[in-house]
Ligand code: 9G3
């Protein structure tokens, strides 16, 4: 491709409103341009990378037994009514009407469409197992799109759905997808971890993993062990019951005046005590029932663990009004001692070890001290309710927990029969009995993966594409096209390298050498070949972008030299 006519507008300056490297560089190098907030055009350079990543995904999905299809982005709302999800999502699910006033949604995901497709066409166990996938545009109307294509309102997803007759079949498909994802992200040159995750609203009890690319700009926090391969999204990182009950004797419980002391900080300074001696009480409405979760003052309650522990559909923090109505006092002074009968009290394991605790007295400006669980209040249940912290022991008993930020690029779920039951996708088993199909679903954020690659592969001068996803193989520069030997050599090499099968970006522009070098570093192609002063002797300068190493090579030795470079380039 001759660069003079190549549509890849570059920017010298960091664009306004682009706050992370991948957003800045994808704009500066001319990979994307914003059409509207959270909506992007992929220019030729970005589109070529997109196609390379998609190709890797297709190869690994096909190897794992997937069959590619393509579903519509616009979906009849009736399907979402049937699955019961139409009201689960608010403005994030984009809706529209057709000319006949019929309701449609823009596809945020495709469980409903694929399940209705399979329901209508697959009825016998003989046609299972099956794994269907697509690579397609998705729409989610994020309230605050940001970070370029990392969190956009239109994005490209590979979404796959597996269909099995039993749980073993699902486990097999899940494992095949897990391995395919591992291959895909490795081939894309990413440093990633597969972490245990929370299934969230999508449901499916069987478990789920997220594939996280390690990056400081990641919005997710991974809790991983420094001595094993344990890794989990912080939302569900579990903690063992590692606390001993506090030993007798205990001081008697005592009511104390704590005027205006509402927060943990107020109490630790006001009473000159450690936060680990405080009992923090948070009131939740668990499927509308009041539950008081008590944890140690130096810990945070993890709402997802509360929902999972009570197997609740809906868990909400009680607001000031609820607190006053249910606990009979203001927030900041609630506690488990003498709590109203209707309130269930559940404590995090760590509360067991509190000897003389301090908690709200359910009276304004009053707390209790020398509080001892079980003696002073009834504990319905102890459980793992707190957010894991760095330094906690890893739940597999090996090493301690460390945190890292991650970008979620993949997510695999065991769905079970949630959608096949809702949409009556059944098969006849060998005894002719109708059974719901067992499903799994598996997503990769394709456009997000490109941003993740850029986050992990760039330097101050620009992009550094891993070879497998580079938009071109080589960047050929003529430093001074007015110089006859340089121009002749460039033209000859361009043809020669193309004939040898290389995809070449040829900088034939009438620009100064400095501009060409800057743009070349910005584009980040793996290898740059410059025809310069020694063109007359048939010598060019070859530079590898990743390590910046340079070598003068005679054009006769170029093919073998490039072949030798291939080994070390991603
Ligand atoms: C929606 C909206 C946002 C959503 C969903 C639905 C996330 C939704 C979960 C999934 C699960 C899997 C198949 C591929 C892999 C992920 N955000 N999810 O269902 F209507 Cl607005 O998408 N789907």
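The values are calculated or read from the model by the stated rules, or taken from the named source; none is laboratory data. Fair warning: this is a prediction, and the values are worked out from it, not measured in the lab. A quick note on method: Cβ atoms are made from the backbone with ideal geometry, for glycine too, and the neighbour counts reach across all protein chains shown.
Worth pointing out:
- Filter result for residue 243 (away from the ligand (no atom under 16 Å from the Cβ), in contact (Cβ under 8 Å) with a residue 60 or more places away in the chain, outside the structural domain of residue 409 (by TED's automatic domain parsing) and within 30 Å of residue 353 (Cα to Cα)): yes
- Only residues that are surrounded by 19 or more Cβ atoms within 10 Å (Cβ to Cβ) and farther than 30 Å from residue 187 by Cα were counted across the range 35-76, and they come to 1.
- So residue 307, is it in a helix (DSSP H, G or I) and over 25 Å from residue 364 (Cβ atoms): yes
- Residue among 388, 337, 409 that is under 30 Å from residue 194 (Cα atoms) and part of a loop (DSSP other than H, G, I, E, B): 388
- Scoring residue 312 on the criteria (1) crowded, with 17+ Cβ neighbours inside 10 Å; (2) closer than 20 Å to residue 241 by Cβ leaves a single failure, condition (2).
- Restricting attention to the range 91-122, the residues being near the ligand (Cβ under 9 Å from one of its atoms) and farther than 17 Å from residue 138 by Cβ number 0.
- Residue 325 vs. criteria over 38 Å from the mean Cα position of the chain (by Cα), assigned to a helix (DSSP H, G or I) and surrounded by fewer than 18 Cβ atoms within 10 Å (Cβ to Cβ): yes
- Selection within the range 123-154 - within 10 Å of the ligand (Cβ to nearest atom), assigned to a strand (DSSP E or B) and closer than 17 Å to residue 38 by Cβ: 138, 139
- Residue check, residue 280 under 19 Å from residue 374 (Cβ atoms), surrounded by 12 or more Cβ atoms within 10 Å (Cβ to Cβ) and at pLDDT 95 or above: yes
- Total residues in the range 155-188 satisfying the condition of being under 14 Å from residue 442 (Cα atoms) and away from the ligand (no atom under 16 Å from the Cβ): the figure is 5.
- Cross-chain or 6+ apart pairs with Cβ under 8 Å, the range 132-149 first and closer than 20 Å to residue 27 by Cβ and touching a residue at least 60 places away in the same chain (Cβ under 8 Å), then in a loop (DSSP other than H, G, I, E, B) and within 11 Å of the ligand (Cβ to nearest atom): 142/92; 142/153; 145/153
- Taking the listed residues 25, 86, 79, 93, the one that is on the phi < 0 side of the Ramachandran plot, assigned by TED's automatic domain parsing to the domain that holds residue 416 and surrounded by 14 or more Cβ atoms within 10 Å (Cβ to Cβ) is 25, with no other qualifying.
- Here 258, 268 are screened, and the one residue that is modelled with pLDDT of 90 or more, within 14 Å of residue 360 (Cα to Cα) and within 41 Å of the chain's Cα centre (by Cα) is 268.
- So residue 153, is it without any contact (Cβ under 8 Å) to a residue 60 or more places away in the chain and within 25 Å of residue 219 (Cβ to Cβ): no
- Residue among 427, 442 that is assigned by TED's automatic domain parsing to the domain that holds residue 53, within 16 Å of the ligand (Cβ to nearest atom) and in a strand (DSSP E or B): 442
The rows are residues; the columns are (1) buried (at least 20 other Cβ atoms within 10 Å of the Cβ); (2) in the same structural domain as residue 289 (by TED's automatic domain parsing); (3) more than 39 Å from the chain's Cα centre (by Cα).
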site	(1), (2), (3)
336	yes, yes, no
340	no, yes, yes
348	yes, yes, no
361	yes, yes, yes
364	no, yes, yes
379	no, yes, no
389	no, no, no
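- Condition met for residue 525 (within 30 Å of residue 47 (Cβ to Cβ), in a loop (DSSP other than H, G, I, E, B) and within 34 Å of the chain's Cα centre (by Cα)): yes
- Here residue 468 fulfils each of the conditions (1) part of a loop (DSSP other than H, G, I, E, B); (2) under 20 Å from residue 188 (Cα atoms) apart from (1).
- Options 268, 258; residue that is in the same structural domain as residue 331 (by TED's automatic domain parsing) and buried (at least 21 other Cβ atoms within 10 Å of the Cβ): 258
- Taken across the range 406-415, residues that are more than 30 Å from residue 148 (Cβ to Cβ) and within 16 Å of the ligand (Cβ to nearest atom) do occur, with at least one present.
- Verdict on residue 84 being assigned to a loop (DSSP other than H, G, I, E, B) and farther than 30 Å from residue 218 by Cα: yes
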